[in-house]
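Any read-out appearing in this document is the output of simple, stated calculations on the displayed coordinates, not a laboratory observation. As the structure is a computational prediction, the values presented were derived from the model and not from experiment. All Cβ positions, even for glycine, are placed from backbone atoms using ideal geometry, and neighbour counts span all protein chains on display.
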Amino acid sequence: RFPSDTGLRSQWEVAIRREGFVVTELTKPCSEHFKPDDFDRTGQIVRLRDGATPSVFNFPCHLQRPVVTRNTKTSRKAAESLPVDLSQHFPESEPQPNDDHSYALPNSPTHLKVRLSEALARVESLEREKQNAKARERRAKKTIKSLLEDLKEKNLINEELNERLGFHSGKIN
């Protein structure tokens, strides 16, 4: 979410550089707009570090910040001595769409096919993870059920506690 601190929020709004952009309660920036070191990954929950601002963008040409160049006599002379015809290196093409996000579709069908196969591989991987998680859950429930039965046989727990703990073993719905 956007920060509640108005100063930091306005820094984020300026960094985004979208004309007429207004932050609402539902507005959320994409994590891809932050550098990896902007995140605190020390706990179980990944959080943004204090003071982090979105800084990773692929803006269209008219929104790019100008590159600062040296303006010394030597650098001007070097630039004049190397005339480069850019048209031979970069043939004119139609302007590329703003590709800030990984979910933006590429122009080429080949790139699109590559993205599709990557996505399908990711789906397969996630399905395997899901199956493994379900198997771990079944094993844990089986272990809890077995422990509850042992405790009940030895009269170490009463019926009420058995029912309450049985809920976690999947015995009671």
Stretched fully, the stretch from residue 167 through residue 139 gains (0.36 nm per residue minus C-alpha distance, one decimal, in nm) 8.6 nm
What order, most packed first, do the peptides 153-160, 30-37 have when packing is the mean number of other Cβ atoms within 10 Å of each residue? 30-37, 153-160
Assign one of three labels to the range 108-173, namely rounded, prolate or oblate, based on the Cα gyration tensor with a ≥ b ≥ c the square roots of its eigenvalues; rounded applies when a/c is under 1.5, prolate when it is not and a/b is larger than b/c, and oblate otherwise. prolate
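Mind giving me the FRET efficiency for residue 39 and residue 130? R0 is 22 Å, r the Cβ-Cβ distance, nearest 0.05 is fine. Spell out each step's value before the answer.
Numbers: r = 25 Å, r/R0 = 1.14.
So the FRET efficiency works out to roughly 0.30.
Give, as a single signed number, the net charge of other residues whose beta carbon lies under 12 Å from the beta carbon of residue 124, with Lys and Arg counted +1 and Asp and Glu -1.
0
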